[in-house]
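In what follows, a single structure is set out as structure tokens and then discussed.
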Amino acid sequence: MLPSWLTGLGAGMVFLYLVQKLLFPYFWDDFWFLLKVVRFGIRMEMYRQRGELVTGLDKFLSHAKRQPQKPFIIYEGEIYTYQDVDKRSSRVANVFLNHSSLKKGDTVALLMNNEPDFVHVWFGLAKLGCVVAFLNTNIRCSSLLSCIHTCMPSAIVVGADLLGTIEEILPSLPKDISVWGMKDSVPQGVISLKEKLSTSSDEPVPRSYHVASSLKSTCLYIFTSGTTGLPKAAVISQLQALKGSAGLWAFGCAADDIVYIPLPLYHSSGSLLGISGCVELGATCVLKKKFSASQFWNDCKKYNVTVFQYIGELCRYLCKQPKREGEKDHQVRLAVGNGIRSDVWREFLDRFGNIKMCEFYGATEGNICFMNHTGKIGSVGRTNFFYKLFFTFDLIKYDFQKDEPVRNEQNWCSHMKKGEPGLLISRVNAKNPFFGYAGSYKHTKNKLLFDVFKKGDVYFNTGDLMVQDRENFLYFWDRIGDTFRWKGENVSTAEVADVIGMLDFIQETNVYGVAVSGYEGKAGMASIILKPNKSLDLDKVYEQVVACLPVYAYPRFLRIQEKMETTGTFKLQKFQLMKEGFNPLKISDPLYFLDNLKKSYVPLTKELYDQIILGEIKL
């Protein structure tokens, strides 16, 4: 018979276990995840105290020396080992070292689709200590010029299939910017980088060229729409790049994982979380030029993929594919990404098997992130007492009519109750800095809120509305400001309005996003006022939109109004228009729909509207 004290101890432990399960069901999930965060912080602090500044490039070079023959990138069946990428990137570095005036700290813009040379050029320029600016390959004309002027590069490197895009703006580029093309035959005014690579040395570049002076020094510019205006070059410091690269590791990925990357590398998800995440682990990635729903699972099986990256739209496209036998016959165990709807999440798991969906939240330029380490469907992450010790954030009351945070009589912002949507803001301090944007400080200042809860405090305005439930799970609710999400991309309403406003018969344009049943994000809609005595030319609107905007930014709907409402601060009122949507039975103004077959905008009839709602017409 057991002693009474031992029986009592056992009963006490069972009681504590039951209390923990009842009152703190996520305690151990939170605890083990917190340990990972602490481990990462301790590792960074140890580097700092030893005076070592270990960057992402340093980690790559270490892997290239330690495991030179391990596959790093698999692309269209070709294998590129860590040594291969090291040597090819050294060739890139030596070309610019010997045939240009580039020096440490200069910026080079990279306009390239997903391919191994994106990584070779990125790492090669990093070996010279250059800052690399990733240009969105979908943009063109004035938007592309704006991005180039924003980051002020000394040179631009262009992929072979994008030379036509750069050729359109060559006459408008500053004369001191050299343009390099990854092709033997290049347009006049462009230097052939491919030709020079064929004779370049693959000898290592001395570390002195790229050694970082501080983890706060800039290593990349990644373009983002933020919440206002045209795309801006978010400053990515060495510290931010390291934090981004730790994402796969934090979710439980390891060196023997094979990671499938179908997302564009010009976004932080593809480049920092994906490529740099594999470097952090010493893992292998399968790089896809462009996502293909029909090839996705075949690729996963062919290359023994264990982890893939996603955005919500990607998962929805996979669920829309015709059902086939053996859809659960794969080795994928984890999926890491953001923006997946709860209904798509459930359908995806039911159809494709027991894959842990690792949803996260984080803006490219932001100083806060959430990670759903418990797998709670629909949530972007979870907070608790310990998390708030590391990341100070709040959800504050927001006035949708005035398009600004609500302030009380003392001019302080107000906290939201659990279960109610509020604007997510994050405290800016030495521990969690905000590095802002390249160019004018006003862009950086516009993303900050001052004197929020007390005099002198500063918070980063994420521009996202979130809801926190009673179990402290967080859910994305909506986006504020002058951008919206469509097809996994941020659309700048100002950019779209500027393009449409160039037409000589349009007086004013108000662009916003409208919800469409069955789709992630919001589809673009433009409300237009015509100039007096001018008529609407729908063909010209279509031609202008297609010529100057990326596909995801096309306004799918037009609304012709006689006047536009403004807010108290004279900004165009969008809230009511967004609520009204595009239903022709509820809106008396003329409505039009973008018809790609007819290459024009056509009247939006009730029949067309019903077909869109039922999913019979694809947007």
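The calculated pair-distance distribution of segment 471-619 uses every alpha carbon pair, bins of 5 angstrom beginning at 0, and gives 2, 9, 19, 23, 22, 15, 6, 2, 1, 1, 0, 0 percent.
Dipole orientation for the chain: of the candidates Val602, Leu170, Phe291, Phe291 has the Cα lying most toward the positive pole (charges on Cβ; Lys, Arg +1; Asp, Glu -1). Annotation: lysines with alpha-carbon distance below 19 angstrom to Lys356 (same-chain offsets under eight excluded): Lys36, Lys301, Lys328, Lys376. Only DSSP H runs of four or more residues enter the estimate; each adds -39500 (n - 2.57), and after division by the residues of the chain the mean residue ellipticity at 222 nm equals -9500 deg cm²/dmol. Only one residue of Gly312, Asn98, Leu34 has its Cα farthest out toward the positive end of the dipole of the chain, where Lys and Arg carry +1 and Asp and Glu -1 on Cβ, and that residue is Leu34. The C-alpha radius of gyration of segment 45-154, expressed as a fraction of 2.2 N^0.38 Å, stands at 1.21.
Accessible area per residue of segment 478-546 at 1.4 Å probe, in Å²? Please report the intermediate quantities before stating the final value.
Numbers: 2500 Å² over 69 residues.
Heavy-atom accessible area per residue stands at 36 Å².
For the chain, the membrane-span-like helices by this rule, meaning whole DSSP H stretches whose C-alpha atoms cover at least 20 Å of axis and whose Kyte-Doolittle mean is -0.5 or above, are 4-23, 27-49; this says nothing about an actual membrane. Evaluating 6.51 cos²θ - 1.76 cosθ + 1.60 at θ = phi - 60° for every residue in segment 425-433, the Karplus couplings come out as 10, 10, 5, 9, 8, 4, 6, 10, x Hz, glycine and proline recorded as x. Accessible-area rank, largest first, for Cys369, Cys151: Cys369, Cys151, with all protein chains present and a 1.4 angstrom probe. Here the simple spin-label model places points 7 Å from the Cα toward Cβ, and for Gln561 and Asn304 these points are separated by 5.9 nm. Bridging of Lys388 to aspartates and glutamates at a Cα separation below 13 Å is possible for Asp30, once same-chain residues fewer than 8 apart are set aside. For the chain, with all protein chains in place and a probe radius of 1.4 Å, 55% of the accessible heavy-atom surface sits on carbon or sulfur. Given +1 at the Cβ of Lys and Arg, -1 at the Cβ of Asp and Glu and no other charges, the dipole of the chain around its Cα centre is 1260 debye to the nearest 20.
With Cα atoms defining each centre, segment 356-391 and segment 332-346 are spaced 14 Å apart in the structure.
Surface analysis of segment 110-238 yields an accessible area of 36 Å² per residue, using protein heavy atoms and a 1.4 Å probe. Calculated on C-alpha atoms, the gyration radius of segment 241-326 divided by its Kirkwood radius gives an Rg/Rh of 0.98.
Relative intensity of segment 335-458 on a log10 scale, I(q)/I(0) at q = 0.10, 0.19, 0.22 Å⁻¹, equals -0.42, -1.18, -1.36, per a Debye sum over C-alpha point scatterers of equal strength in the absence of solvent.
Residues in segment 594-605 carry Karplus couplings, in order, of 6, 10, 5, 5, 8, 6, 6, 8, 10, x, 8, 8 Hz; the curve used is 6.51 cos²θ - 1.76 cosθ + 1.60 with θ = phi - 60°, and Gly or Pro positions show x. Rounded to the nearest 10 Å², what accessible area does Arg559 show when all protein chains are kept and the probe is 1.4 Å? Approximately 20 Å² of Arg559 is accessible to the 1.4 Å probe. List the chymotrypsin sites (Phe, Trp or Tyr not before Pro) within segment 512-613 that DSSP assigns to loop and that have no more than 12 neighbouring Cβ atoms inside 10 Å. Sites meeting the loop and neighbour criteria: Phe570.
Rg/Rh for the chain (Cα atoms only, Rh after Kirkwood) is 0.98.
Sorting His267, His120 by solvent-accessible area of protein heavy atoms yields His267, His120, largest first, with a 1.4 Å probe.
Centre-to-centre, using Cα atoms only, segment 244-318 and segment 541-563 are separated by 33 Å. Along the charge dipole of segment 152-261, pointing to its positive end and built from +1/-1 on Cβ of Lys, Arg, Asp and Glu, which listed residue (Val205, Ala160, Ile222) has its Cα farthest out? After comparing all options, I get Ile222.
Per-residue 3J(HN,Hα) values for segment 207-212, derived from phi via the Karplus relation 6.51 cos²θ - 1.76 cosθ + 1.60 with θ = phi - 60°, read 4, 4, 5, 10, 4, 7 Hz in sequence order (x marks Gly and Pro). If you look at the Cα atoms of segment 171-257, you get an Rg and a Dmax of 18.6, 49 Å. One quarter of the surface of the convex hull around the alpha-carbon atoms of segment 123-204 equals 5.7 nm², the direction-averaged projected area. Sparse packing (at most 14 other Cβ atoms within 10 Å of the Cβ) combined with a DSSP loop state is found for the following GluC sites (Glu not before Pro) in segment 507-616: Glu562, Glu565, Glu616.
The values are calculated or read from the model by the stated rules, or taken from the named source; none is laboratory data. Bear in mind that the values here come from a model prediction, so they are computed numbers and not experimental data. Note: ideal-geometry Cβ built from the backbone for every residue, glycine included; neighbour counts use all protein chains shown. These accessible areas exclude ligands, DNA and RNA; they are computed on the full protein's heavy atoms, side chains included. Shrake-Rupley method; radii C 1.70, N 1.55, O 1.52, S 1.80 Å.
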